[in-house]
Every structure is written in structure tokens, then in C-alpha cells.
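Down below is the structure, laid out as C-alpha cells.
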Amino acid sequence: MPYLNKLILIITHWCNLDCVYCHVLKEKKSMTKEVAKQAVDIFISEYGKKKNIRFFGGEPLLKFNLIKAIVKFAKRKAKFYKKSITFDITTNGIPLNDKMINFIQNNPEIELIISLDGDRRSHLINRVSLNRNLDSYSYIINQKRILKLPKLTVNIVAAPNQVEKLFHNFVHIFSLGFRRFNFLPAYFILWRKEKLRLLKQQFQKIADFILQQNGYIYIKNFYLLNKVPLFNDGLVIDYNGDIFPNNLILSRHFIHLRNKIILGNIKEYSPHRHLFLKPRDISYLMKREANSALLESTQKVDRLLTDFVNLLKNETSRY
């Protein structure tokens, strides 16, 4: 089964930020330990020697105790089945504290993917906290210990309202000591022609800078190519145990497609039942159901991202 190399657990639909460009539908719904353990048990026992579990949201660190329990449970299961396992946590960084950092440091299989869009002004203009008194930029950069984590990646979102500063923002984050990056244009918002031109220019400047570092910068985008563009493929388990082929259902633009792409529920899972939904079927649904202007705009920025990643891949392969 193609989905069973990567498990995406939607730990919670809630978030402590209200980002301008975020299209995730925020609801106070969270996964139980029972659902998570059942999903992990099935995922690890199925075929394939290398397993990856991604904790997604919402803001997954709001449910840190659940993540901690799942990591411990999954590592025991992987050892029993003689399989290797890694974990990703995608976070805005606001819930991070010493207890969490200690746990991640003691479990080097965990990659922490933290969102930081650039300098203070660039970060705060789109990443709005529900607590209006919280400066999320200062909070993150003052967490000096995270720089010592074995796997720390910064997720940089490029939005139209600050695209002309993308290169500046990347260099700023680099100057803070970060060396692992993932780039993501804001999807499902309108990018006008001039903004697309600027995005292409900024990607080229970033590529030139990265290539000058002779391989000392890690680009996570190299390993994130999905069969369904714009969303993460994998065995996706929603908070209630519903199974999906990717995390399309998190988007408010596609929430109405739940019943068309659902593959079942983890409580009713049988190893004899194949959970297939062809990528082209999902792409067709997206094209049919999405706002055409938003989808066209999103496809254009996604192509620019793909060109940027392929350029870096081709050039770095010569090292």
C-alpha cells in the first residue's frame, strides 16, 4: 500500500495563531490516545522497513502529552517489528518550552519543523496571535536551545504582501544560525502577475545564495514531492480516526469533499481491505470544486516552487 511509508496524524484542528494566509479550518477538535495508538499500531505492523510519522494540525504542540505518548509507543512497536522510524512535528513554535525541547533533544528521531517567515515585521504581519500581547517572533528567536536540536528545520512561507522581502528574510533567518529550510508559497490566495514575477526573482536570489554555501544548507523540499500537488500525501488519520489519502480535508476550501475521499475509519480497518484512491481522482475533484482563480494562482506559485527546487537539485547534484 503506497500510503504506508508515511503516517500523518491530525493531532488537533485548533491553533493559537490566526495566520492571514492559513486556509486550515480551525475547530476545537483533538485526537484521543486510543485513536492514535490504533493508527500507529496498524501503520508500523504493515509492510515497509522505514516509517515516518508526522504530527500535524492545527498546532500539534498544544497536545504535547499525546505526542510524547505516541513517540514512546511507536518506538516500542518499531523495535518489536524491527523497523526504523522517524517523526516530524510541524509547529508555529509558540507552545515550545524547556520540557518539550528536552524531550525532542532526547529523541533524535524527531525533526522539529518550526515556522518563521523572516525578520520581526515580516513574521508578525501575517502570523497573528490569538493573544494580541504575544510577540511570536521574539518568543521563537529567544528559544536559543532549539538551535542545538539534532533536526531543526525552518518553514518559510512566502506571501504576496511581502514577497519582495523573501530573499532578505531568508538571509535574516540564516544569520540567526538556522541551516535547514523548507520553502512554501502561500496557497489558495491570489498572486497577481507582478507578485509572481517577484517570487521568481526572489527564488533565484535564494538559489544563488544557497549554491554559494557548497552544500552546507539542507533543503527539505527535495524530499517532499507529492503525487497530488499542494497537499501532503500519506496515510492521513483525522482526529476522529477517519482515514484519508492526503491532508486535503484540512483546508476550508475542500472540507466539503470529506465524504468523497474518505477511505474508512481506523476503528474498522482491515489489513485485507486496500485503501486506494488514485491521485488523479483527487486532482480532478480539486479542479472541479475549487475556486478557479484561486486554484490557477496556486498552481502558478507551485510551479515556481518546483522550478526553484529542481534548479537546486540539479546544481547540488554536481557536488
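The values are calculated or read from the model by the stated rules, or taken from the named source; none is laboratory data. Keep in mind that this is a model prediction, so the values were computed, not measured. With ideal geometry, Cβ positions are generated from the backbone for all residues, glycine too; neighbour counts draw on all protein chains shown.
Each row is one residue, and each column tells you yes or no for (1) surrounded by fewer than 20 Cβ atoms within 10 Å (Cβ to Cβ); (2) over 25 Å from Pro95 (Cβ atoms).
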| residue | (1), (2) |
| --- | --- |
| Ser138 | yes, no |
| Asn142 | yes, no |
| Leu152 | yes, no |
| Ile156 | no, no |
| Asn161 | yes, yes |
| Leu166 | no, yes |
| Val171 | yes, yes |
| Ser175 | yes, yes |
Residue in the range 156-177 that is part of a loop (DSSP other than H, G, I, E, B), in contact with an Asp or Glu (Cβ under 7 Å, 6 or more places away or on another chain) and either closer than 20 Å to Ile8 by Cβ or of a type in the set (A, V, I, L, M) (or both) present: no
Looking only at the range 7-20, and only at residues there that are out of contact with any Pro (no Cβ under 9 Å at 6 or more places or on another chain) and part of a loop (DSSP other than H, G, I, E, B), the one that is surrounded by the fewest Cβ atoms within 10 Å (Cβ to Cβ): Asp18
Of all residues in the range 201-230 being farther than 20 Å from Leu152 by Cβ, in contact with a Phe, Trp or Tyr (Cβ under 8 Å, 6 or more places away or on another chain) and buried (at least 17 other Cβ atoms within 10 Å of the Cβ), the one that is modelled with the lowest pLDDT: Leu230
Pairs, first over 16 Å from Ser251 (Cα atoms) and surrounded by fewer than 15 Cβ atoms within 10 Å (Cβ to Cβ) in the range 286-307, second modelled with pLDDT under 90 and among the polar types (S, T, N, Q), C-beta under 7 Å, six or more apart: none
From the options Phe80, Phe87, residue that is on the phi < 0 side of the Ramachandran plot and in contact with a Lys or Arg (Cβ under 9 Å, 6 or more places away or on another chain): Phe87
Residue list for the range 89-136, restricted to those being more than 15 Å from Ile67 (Cβ to Cβ), in a helix (DSSP H, G or I) and of a type in the set (A, V, I, L, M): Leu124, Ile125
Residues satisfying the stated conditions in the range 120-159, i.e. free of Cβ contacts under 8 Å to residues at least 12 places away in the same chain and over 28 Å from Phe87 (Cα atoms): Arg121, Arg132, Asn133
Residues that are over 16 Å from the mean Cα position of the chain (by Cα) and farther than 19 Å from Leu235 by Cβ, drawn from the range 1-25: Asn16, Asp18, Val20
Cross-chain or 6+ apart pairs with Cβ under 6 Å, the range 165-189 first and within 16 Å of Gln213 (Cβ to Cβ), then of a type in the set (Gly, Ala, Ser): His172/Gly118
Those residues of the range 43-61 which are surrounded by fewer than 19 Cβ atoms within 10 Å (Cβ to Cβ) and of a type outside the set (S, T, N, Q), in sequence order: Glu46, Tyr47, Gly48, Lys49, Lys50
Pairs with Cβ under 6 Å, 6+ apart, first in the range 88-103 and under 21 Å from Asn182 (Cα atoms) and surrounded by 15 or more Cβ atoms within 10 Å (Cβ to Cβ), second hydroxyl-bearing (Ser, Thr, Tyr) and at pLDDT 95 or above: Asn92/Ser115
Residue among Ala74, Ala69 that is in a helix (DSSP H, G or I), under 27 Å from Asn221 (Cα atoms) and either at pLDDT below 95 or over 19 Å from the mean Cα position of the chain (by Cα) (or both): Ala74
Candidates Arg127, Arg192 - the one that is surrounded by 17 or more Cβ atoms within 10 Å (Cβ to Cβ) and among the basic types (Lys, Arg): Arg127
